[in-house]
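The values are calculated or read from the model by the stated rules, or taken from the named source; none is laboratory data. If you're wondering where the values come from, they're calculated on a predicted model, not measured in any experiment. Here the Cβ is made from the backbone with ideal geometry for all residues, glycine too, and neighbour counts use every protein chain on show.
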Amino acid sequence: MLDNVTLHQLQCFEAVVSEGSFQAAAEKLRRAQPTVSTSVKNLENQLQLTLLDRSGYRVTLTDAGRSFYERTRVFLHEAKRLRDHAAQLAMGEESELRVVIGDVSPLPETLALLRRFFDGCPGTKLHLHFEAVSGPWERLFDGEADLIFHYIEKSDPRLEFVDLFTFKIIPVVAPNFLRFPISKSITPEQMRDFAMAFGKPRAQLLRYKRAGDVPEVSVMVSTLMADGTTDKTALRSEDWHTDDSYFATPAKATLLHSIEKPSRGGNTWFCNMRAAYAALPEKTKQRIDGMRAVHAYDTARASNRPSARTAQEIAETPDVEHPLVRTHPDNGQKALYLNFNRLDRIVGLERAESDALLDELAAHARQPRFHTAHEWTVGDIVIWDNRATMHRVRRFDDLNTVRDVRRTTTRSDGPTVAQEAA
Ligand SMILES: [Fe+2]
């Protein structure tokens, strides 16, 4: 019955009803009145329905006409939307935009930006979501978002970005979360207990560095000793490393607490190994994914020798293997897993080839674009994730000033790979 009904007929019918007469409808549609009258008549004939009562001074709807009119309006509205959509597509405009606002974006400013954009593109439909922490990136990388307002890794080659805002992150904890105020007076026991929030604290391997009867806390004072010997720890730590990688189950978190700081230098630098991995050439990624490397307490590749071990400590630190690329258990993202103090060789490669690849990866990770620093204030506790970072302390005048930090590491959930039988 509707096969031969035209859009024009429906528009004429709608106009006659909404304008109240054939004459007004004709003016609205810029058509001659007989054209409008004929169109509506043809519509009624094709539907075999009388839509309009023409007996009075003004045309009115019949009962059938009233019902048909309501649906005609909906139909014409949808037809207009369809036409607008086609026009947008023809002009290359986004017909819809999926936007995610992250939890750190200032909401009034972000919404004002969005409002300005949509005022200029009223035909674009907005799908708006709010996400926290890594949620915005996940939606973007999963193809569920076109645009996110969030902080990003600028070195990530998958992203195009525009700087919009700066914001300050202020770490806070709930009242009474800490059983003590963070201050210079924190005790080894308090340090160990606090570390338990981030995993199971591990006892310091080197007994002479243990903080009294709290083996999980290390006393790391980087000064020359009164007898003229040198604490080699300071020298060893100067290069980029991740903590405890000479254990099959390496460190998850490290907590470092500043007790005394040198007058200059001594900042701790961090290397973002997730960004470093993401920026690798695809060919290199394919080559190293699945590779394992041997981490040794001491290796000729390191620029300095580590602290000496007792016989017992040597027995506790056989060489172990770790993947070159680790997948983070919490967010599923890949990161390079390097340690310039401990990495000895890549499993299955000749020494020369292994050295060349490790040198290539080291040069890549040494690029400043992956680095950031923490400048210490006495009393600070800095906590980092060793599964996705390396760190190093920068040089300072250890002949004349003291850098005293206390450290606790927590264990990862398990070995990174099944280890060969010792
Ligand atoms: Fe370290």
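Annotation: Arg274 fulfils all but one of (1) away from the ligand (no atom under 16 Å from the Cβ); (2) in contact with a Pro (Cβ under 7 Å, 6 or more places away or on another chain); the unmet one is (2). Within the stretch 138-164, residues that are basic (Lys, Arg) reach partners that are in a loop (DSSP other than H, G, I, E, B) and surrounded by 15 or more Cβ atoms within 10 Å (Cβ to Cβ) with beta carbons closer than 6 Å, at six or more positions or on different chains, in the pairs Arg139/Ala145. Being touching a His at 6+ places or on another chain (Cβ under 7 Å) and within 22 Å of Leu280 (Cα to Cα) is a description that does not apply to Ala352.
Exactly one residue out of Arg202, Arg192, Arg179 is of a type outside the set (Phe, Trp, Tyr), more than 27 Å from Tyr277 (Cβ to Cβ) and modelled with pLDDT of 85 or more: that is Arg192.
Sub-8 Å Cβ pairs linking a first residue in the stretch 75-95 that is among the aromatic types (Phe, Trp, Tyr) to a second residue that is in a helix (DSSP H, G or I), at least 6 apart or interchain, are Phe75/Leu10, ordered by first then second residue. Working carefully through the options Thr408, Thr372, Thr401, find the one that is crowded, with 18+ Cβ neighbours inside 10 Å and either more than 13 Å from the ligand (Cβ to nearest atom) or modelled with pLDDT of 85 or more (or both). Result of the check over Thr408, Thr372, Thr401: Thr408. Strands (runs of 3 or more DSSP E) fully within the stretch 49-163 that include at least 1 residues being of a type in the set (A, V, I, L, M, F, W, C) and exposed (fewer than 14 other Cβ atoms within 10 Å of the Cβ): 125-131.
How many residues are modelled with pLDDT of 95 or more and assigned to a strand (DSSP E or B) when one looks only at the stretch 242-260? So that I can check it myself, show each step before the final result.
Our first condition is that a residue be modelled with pLDDT of 95 or more; within the stretch 242-260, this holds for 242-256.
Narrowing further to those that are assigned to a strand (DSSP E or B): 251-256.
Going through the stretch 242-260 one residue at a time, the tally reaches 6.
All conditions but one from (1) at pLDDT 90 or above; (2) within 28 Å of the chain's Cα centre (by Cα) apply to Phe167; the one that does not is (1). The residues of the stretch 261-271 that are surrounded by fewer than 22 Cβ atoms within 10 Å (Cβ to Cβ) and assigned to a strand (DSSP E or B), listed by number, are Gly265, Thr268, Trp269, Phe270. Within the stretch 277-319, the residues that satisfy the criterion of being within 30 Å of Val221 (Cα to Cα), among the small types (Gly, Ala, Ser) and surrounded by fewer than 13 Cβ atoms within 10 Å (Cβ to Cβ) are Ala300, Ser303, Ala308, Ala311, Ala315.
If the condition is being surrounded by fewer than 21 Cβ atoms within 10 Å (Cβ to Cβ) and without any contact (Cβ under 8 Å) to a residue 40 or more places away in the chain, then the stretch 320-348 contributes Thr327, Asp330, Gly332. Being under 19 Å from Leu164 (Cβ atoms) and under 36 Å from the mean Cα position of the chain (by Cα) is a property that Leu89 lacks. Would you say Ser218 is modelled with pLDDT of 75 or more and of a type in the set (S, T, N, Q)? In short, yes.
Can you tell me which residue in the stretch 235-260 is farthest from the ligand (Cβ to nearest atom), limited to those that are closer than 17 Å to Gly379 by Cα, surrounded by 21 or more Cβ atoms within 10 Å (Cβ to Cβ) and not aliphatic (A, V, I, L, M)? Write out each step before concluding.
The first filter runs over the stretch 235-260 and keeps only residues closer than 17 Å to Gly379 by Cα, leaving 254-260.
Now restrict to residues that are surrounded by 21 or more Cβ atoms within 10 Å (Cβ to Cβ): 254-257.
Remaining after also requiring not aliphatic (A, V, I, L, M): 254, 257.
Numbers: Thr254: 6, His257: 13 Å.
Filtering first and then ranking leaves His257.
The single condition among (1) within 15 Å of the ligand (Cβ to nearest atom); (2) at pLDDT below 85 that Ala421 does not satisfy is (1). Provide a single number: the residues in the stretch 328-347 that are in a strand (DSSP E or B) and among the small types (Gly, Ala, Ser). Number satisfying all stated conditions: 1.
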